[in-house]
Amino acid sequence: MNDAATWIGRIFEFRKRLVIFLAVLTGLSVFGALRVGVDNAVEIWFPSDDPSLTAYHGFLDTFGNDEVVVIGVHGEGEALLNDAGLARIKRVGEAALSVPGVAGIRSVAVQPVVRGTEGTLHVAAASDASEILALQGSDPIVDSLISDDGQTALVLAEMATMADIDTRRDGILADLQHAVKAVDGGATFAGIGVVYAALNQASTQGAALVIAGSYLLILVLLWVLLGRWKPMVLTLVVVSLGAVWLMGVYGATGNDINMVTMVMPTLVLVIGVSDCVHMLTHVAAQPVDQDPLDRVKAGVGAVFWPCLFNTVTTAMGFLALATASMPVIRTLGIFCALGLFAAFFASLVLCCLVAVKPDFLPTIRTKGRLQFLVDKLADLAVQKPVPVLLVSLFIALFSAFGVTQIVVDTYSIDFLYPDHTARVDSDRLEEDFGPYTPLEFVVSHPDGVKEPEILKSVAAWQDAMAVDYQVGWTRSLADVVQRLDQVLGQRMEASIPSNSASIEQLLFLYEADSDSDLDRFLDGTESQMRVTVGVRMTSAKDFGQTIERLSSLADLPPGTTLKAAGYIPLYVRIMDHIVQSQLSSFAWAFVVIFSLIGLLFKSLRMAIIAVPANLLPVLVTLGVMGFCGIRLDVATVTIAAIVLGLVVDDTTQFLYRYRMEQETGVDVPTAVQAAVRSVGRPMMITTIVLAGGFSVLALAAIKSVAYFGVLLAVALLSALLADLLVIPAMLIVLARR
């Protein structure tokens, strides 16, 4: 208390300098915050030395950018393989190719078609729709670009290889959609890049909506609970400063927000309310005839250490995220911790300076519904401690069962709501065309992959994959060779020649034509062959199962290797990082937070008492996830560590007050009831405000962020009951023994 009073005195002594410092800091932070962009690219989830990321970049270096925008041209019930339909497909392709950032296009209108007679070969786009119609069903490459009923065609716009693709993607896609819609208003757009752009847009719009909603709801709750508008305004100003400083540093250090870090301002905004409410409430509780400065010193001094400790423990919960293997999670943890310290500093300085004016203090109510509820909870914990603990045990066991139902998975397009344009277009393409998402495989052999045995085994593998329910089409070098042999040999059935010389001759003739596209299938050393499979858009877990299932169908010659490549295997790898990040962050948060509690109270007993009441909200939250089918994914992976960091705040406030009551010499039941009635109402106010503020995240345009907010609200409400019932009941039971 005395130390706190000294610090408060220093604040008043240097108040002019502090106000100038806050103003300058805020001004600089605004400039930094304006530099914040949006980036949901896959690289943000992986360490730079991750083997999967290295393999992905290796694939890009070998075969070029694998990112394509899938544009669907729909016949609306009519076939497209006629002159009018082919003209539509051409117009869409030309419009797409006119957009800077699009390196090339593929469609049935421009796809090289192999023609010729024995000994001669000509490769060029089909001259008319009838030629494509004649090839449908016999040419796998043509079949990968138009549906079986001929009513839906794909135009694949290939993104150019560029170092800054993640920052330019949204603009390129916007220009692409505008250009294509101008010539074909019914076109649909899908692909990984389209999903990224949609998430970027949802992150930006969602962040603005969530912050505005949080402000509004917190404003209303504070007005109702504090009883005056001036302390409400003061609290909002304080937490706003913390959020602005956070985003200023975040932007100044070159960071962009994404669907994980978009919650940072709201987290700091909402959590910062707690310190203001406790400080102002305790100042208002001091005798009114006291000198205003003495009231501030006494009131703020009474909660200075628990508020500071709460900031430290919550920050430690976030800093525990720095142990995660995913860079974006580490960034969230570090900057949220920084923001919490900024919010505490703003609360301490401004609350102390302004609280000397009585108009800025909340109305203290000794009666009312909140106080009535607090008193009833105190009586229940003291009079019925054993039933309280038994009910808590049942809830914990029931929640633990829910935890076992949690599915670890991530599904990027499912972060968007079903009525989002990106999802509607994707669903329509899969319904009208079939599986369209490209899954890449690389077949390798150190002596080259143009050998008959390898090509025949790849062709057999493609035939086996074609009957899989997740596969819509396949294409590879084997398709090219079979088509060449069929045309030049004038055969009815396509086949792979049985000797290497024949294959070399076929490919030599093919490469001699300027319209050939052999580099799409074969690397420069001719030791790697690209096999692309059209699969359904699905989650990382299902993609992983698809890769395993399709890989098991391959029977390649000895010395030949098969490996999934491109973006999707990288996406699957995210699941491993999710599990590691959840376990490491929660373990570190648990050890650090409860060690700090033991140090604060200099009591191992206090730390042990705090454990059940703080693990219960974590179990309840994870149990709700399991029972409601909410995935543990890239957006909810931080939930356990953050919940633990948040819920320990009220525990500290209660135990700190309980220790003070005990020092007066009263017995345990009296100390428990006095502690609950003293800090119970501020705890309830802050919990209502925090839960309300976090529940606003339900308005986010990204589903998983909405779930994140609702889950935090559930955690806080369950934590309040645990702190007002479970800890008091444990103290009573232990005292009886």
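Return the FRET efficiency for the residue pair T404, E43: r is the Cβ-Cβ distance, R0 is 30 Å, and the value is rounded to the nearest 0.05.
It comes to 0.35.
Taking GluC sites (Glu not before Pro) as candidate sites, keep only those in a DSSP loop with at most 13 other Cβ atoms within 10 Å, then name the longest stretch of the chain containing none of them.
119-492
Give the separation of the Cα centroids, segment 60-91 to segment 210-231, in Å.
Measuring centre to centre over Cα atoms gives 52 Å.
Under a Cβ-only charge scheme (Lys and Arg +1, Asp and Glu -1), can you give me the dipole magnitude of segment 567-717 about the Cα centre, in debye to the nearest 20?
Here segment 567-717 has a charge dipole of around 60 debye.
May I ask you to rank I211, I413 by accessible area, largest first, using a 1.4 Å probe over the protein chains only?
Largest to smallest exposure gives the sequence I211, I413.
Hey, if you put +1 on the Cβ of every Lys and Arg and -1 on every Asp and Glu Cβ in segment 374-496, which of L439, I395, S426 ends up farthest toward the positive end of that dipole?
Working it through, the farthest residue towards the positive pole turns out to be I395.
In the chain, which helices (entire DSSP H runs) extend 24 Å or more along their own long axis, judged by Cα positions, while averaging at least 0.0 on the Kyte-Doolittle scale?
The qualifying helices are 15-33, 192-226, 229-252, 264-284, 292-319, 327-354, 385-403, 567-601, 604-628, 639-662, 668-695, 703-721.
Between V102, V19, V249, whose Cα lies farthest towards the positive end of the dipole of the chain when Lys and Arg beta carbons carry +1 and Asp and Glu beta carbons carry -1, centred on the Cα centre?
Going by the charge dipole, the pick is V19.
Straight-line reach from K230: which lysines have a Cα under 27 Å away, not including same-chain ones fewer than 8 places off?
Answer for K230, where 27 Å is the Cα cut-off: K16, K297, K357, K367, listed by chain and number.
How far is it, in nm, from the label point at L734 to the one at R491 when both lie 7 Å from their Cα along the line to the Cβ?
Result: 8.3 nm between the two label points.
Output the pairs from K456/K541; K541/K563; K376/K602 with a Cα-Cα distance over 22 Å in this structure; if there are none, say none.
K456/K541; K376/K602
Quick one: dipole size for the chain, taken about the Cα centre, charges +1 on Lys/Arg Cβ and -1 on Asp/Glu Cβ, in debye to the nearest 20.
5120
Would you mind calculating the relative contact order of segment 643-715 from Cα pairs under 8 angstrom and at least 6 residues apart, reporting the percent as a whole number?
The normalised contact order for segment 643-715 reaches 26 percent.
Given the peptides 285-292, 641-648, 100-107, 320-327, arrange them by the average over their residues of other C-beta atoms within 10 Å, most packed first.
Ranked by mean Cβ neighbours within 10 Å, highest first: 641-648, 320-327, 100-107, 285-292.
Straight distance only, please: which aspartates and glutamates reach the Cα of K181 with their own Cα at less than 18 Å, same-chain residues fewer than 8 apart left out?
The qualifying aspartates and glutamates are E76, E94, E158, D170, D425.
Could you give the size of the charge dipole of segment 642-737 about its Cα centre, using +1 on the Cβ of each K and R and -1 on the Cβ of each D and E, expressed in debye and rounded to the nearest 20?
140
Enumerate by residue number the chymotrypsin sites (Phe, Trp or Tyr not before Pro) in segment 445-542 meeting two conditions: DSSP loop (anything except H, G, I, E, B), and at most 16 other Cβ atoms within 10 Å of the site's Cβ.
In loop regions of segment 445-542 (DSSP not H, G, I, E or B), the sparsely surrounded chymotrypsin sites (Phe, Trp or Tyr not before Pro) are Y469.
At a temperature of 20 °C and a viscosity of 1.002 mPa s, determine how fast segment 492-564 diffuses translationally according to Stokes-Einstein, using the Kirkwood radius over alpha-carbon pairs as Rh; express D in µm²/s, rounded to the nearest whole number.
Result for D is 140 µm²/s.
Tell me, what is a quarter of the convex hull surface for the C-alpha atoms of the chain, in nm² with one decimal?
35.7
In segment 437-546, which trypsin sites (Lys or Arg not before Pro) fall in coil by DSSP and have 15 or fewer other Cβ atoms within 10 Å?
R491
Can you tell me the accessible area per residue over the chain, all protein chains present, probe 1.4 angstrom, in square angstrom?
40
What percent do you get for the relative contact order of the chain when only Cα pairs under 8 Å and 6+ apart count?
Rounded, it is 20 percent for the chain.
The values are calculated or read from the model by the stated rules, or taken from the named source; none is laboratory data. These numbers come from a predicted model, not from an experiment. Quick reminder, even Gly has a Cβ in these numbers, built from the backbone with ideal geometry, and neighbours come from all protein chains shown. All accessible areas refer to the heavy atoms of the entire protein, side chains included, with ligands and DNA or RNA removed. Shrake-Rupley method; radii C 1.70, N 1.55, O 1.52, S 1.80 Å.
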